[in-house]
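Below is one structure, written out as structure tokens; comments come after it.
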Amino acid sequence: MKENRMREKQAAAAGSSCFNRRGFLGLSAAVAATLASGSPVFAQANSSTAQKIADHFASVKTMMGEFVQFGPRGDQTAGKFYLERPGKLRFNYEQPSPMRVISDGRNVAIGNMKMKTWDVYPLSKTPLSLLLSDRIDLGHQMVRQVKEEQDLTTIVLGDKSIFGDQTITLMFDPKTFELRQWTVTDAQGKDTSVMIFNVQQGVNFDDKVFQVPYDEINKRGG
């Protein structure tokens, strides 16, 4: 039943757009926390559940896996992701998507491999700083709703100071607390959803995995 619901979300998201910088920053933020959507009173009662899941997620120091992204205009893209705490993340999108996202602990660089352009943002100014920290603190004002069911726990997060006008909905396995999917909803109500699978934890990465190509960026004035 939950599988069907997740597919429905994907189908709705499949009316989603190609990757955009703003959407990604919210997206990645999503990976950070835990999902919920609803009333503040209900959220307060369930904030301990959300924090428990966030603590588990933060305890995983390294992970890698595959993802499928469904955008608001119907585009579907796939790729691989790599994460190492604190502060490091990489998304490699498969062709035909030209996108590459790298966080090296100081900055987040979003590159278009086809156009050979890069945009760089201080990590501390993005929601990723919450997501990639060693400790994820979910204040009750951030958690909008927590829905606990037999085979799925859903948490919706919203905080203008962190996520702007976007809300993040995350879906977790209630037994293992493993993240299965997240959806970012923008101010216009459009969804971008990401499913992750084949996840491995406790991976040792080469430093080059999270290396931002500053020489190339500076050369091109990016």
| task | Summarise the long-distance tail of P(r) for the range 48-219 by giving the % of C-alpha pairs beyond 24 Å. | result | 37
| Rounded to the nearest whole Å², what accessible area per residue is found for the range 73-175 with the 1.4 Å probe? | 49
| With contacts defined as alpha carbon pairs under 8 Å and 6 or more residues apart, what's the relative contact order of the range 48-219 in percent? | 24
| Can you give the accessible area of residue 208, probe radius 1.4 Å, in Å² rounded to 10? | 140
| field | Apportionment of accessible area to carbon and sulfur, the range 48-219, percent (1.4 Å) | value | 46
| remark: Karplus ³J(HN,Hα) for the range 155-172 (6.51 cos²θ - 1.76 cosθ + 1.60, θ = phi - 60°; Hz, whole; x = Gly/Pro) runs 10, 10, 10, x, 7, 4, 5, 10, 9, x, 8, 8, 10, 10, 10, 10, 10, 10
| Placed amide H near residue 94: partners under 5 Å, 5+ positions off or other chain | 78, 79, 80
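The values are calculated or read from the model by the stated rules, or taken from the named source; none is laboratory data. All values reported here derive from a predicted model rather than from experimental measurement. Surface accessibility is based on the protein's heavy atoms, side chains included, excluding ligands, DNA and RNA. Shrake-Rupley method; radii C 1.70, N 1.55, O 1.52, S 1.80 Å.
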